1. Hey, can you tell me all the residues within region 69-85 that are at pLDDT 95 or above and either outside any strand (DSSP E or B) or among the small types (Gly, Ala, Ser) (or both)?
2. Those residues that are hydroxyl-bearing (Ser, Thr, Tyr), part of a strand (DSSP E or B) and surrounded by fewer than 15 Cβ atoms within 10 Å (Cβ to Cβ), I need them from region 1-60; list them, please.
3. If I ask for residues that are more than 13 Å from VAL8 (Cβ to Cβ) and either exposed (fewer than 15 other Cβ atoms within 10 Å of the Cβ) or free of Cβ contacts under 8 Å to residues at least 24 places away in the same chain (or both), which ones from region 61-74 would you list?
4. Here are the criteria: (1) under 11 Å from VAL8 (Cα atoms); (2) touching a Leu at 6+ places or on another chain (Cβ under 6 Å); (3) not acidic (Asp, Glu). Tell me which single one MET22 does not satisfy.
5. Of the conditions (1) modelled with pLDDT of 95 or more; (2) among the acidic types (Asp, Glu); (3) over 12 Å from the mean Cα position of the chain (by Cα), ASP66 satisfies every one except a single condition; which number is it?
6. List, please: which pairs have Cβ atoms under 8 Å, are six or more places apart or on different chains, and start with a residue in region 28-41 that is touching a residue at least 40 places away in the same chain (Cβ under 8 Å) and end with one that is outside any loop (DSSP other than H, G, I, E, B)?
Amino acid sequence: MANLQVTVVSAVAEVWSGEATMVVARTTEGEIGILAGHEPTLGVLAAGEVRITTVDGQKVTASAEDGFLSVDNDQVTIVAGLAEITSA
């Protein structure tokens with residue numbers, strides 16, 4: 001099974017990077033769930049949580065706002081003006 005390469009960055013630093021099996025984020029269009037093989041997508045983030053399930057089953061949660069989410073070729077990039085890990 002393929003995995004996702006996920007990067008979460010804020011305006012000042014990289015917040016988290018690694019391999020994951022799933023990412024769930026809130027966009028202005030609603031919540032989106034991303035698995036390997038997801039079609040290319042670009043979304044505007046709404047303030048809320050980004051939930052990442054790592055390949056070893058760990059749950060990572062970050063708060064993010066004022067940014068966007070990009071999905072292409074099993075790479076998920078979340079760029080936010082404000083982002084921080086709230087639980088790992």
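1. Once the filter is applied, which keeps residues that are at pLDDT 95 or above and either outside any strand (DSSP E or B) or among the small types (Gly, Ala, Ser) (or both), region 69-85 yields SER70, ASN73, ASP74, ALA80.
2. SER17, THR41
3. Selection gives ASP66, ASP72, ASN73.
4. For MET22, the failing item is (1).
5. (1)
6. These pairs meet every condition: ILE34/LEU4; ILE34/MET22; ILE34/VAL23; ILE34/VAL24; ILE34/ALA25; ILE34/THR41; ILE34/VAL71; ILE34/VAL76.
The values are calculated or read from the model by the stated rules, or taken from the named source; none is laboratory data. Small disclaimer: the values here were computed from a predicted structure and weren't measured. Cβ coordinates were reconstructed from backbone atoms using ideal geometry, including for glycine residues, and neighbour counts include every protein chain displayed.
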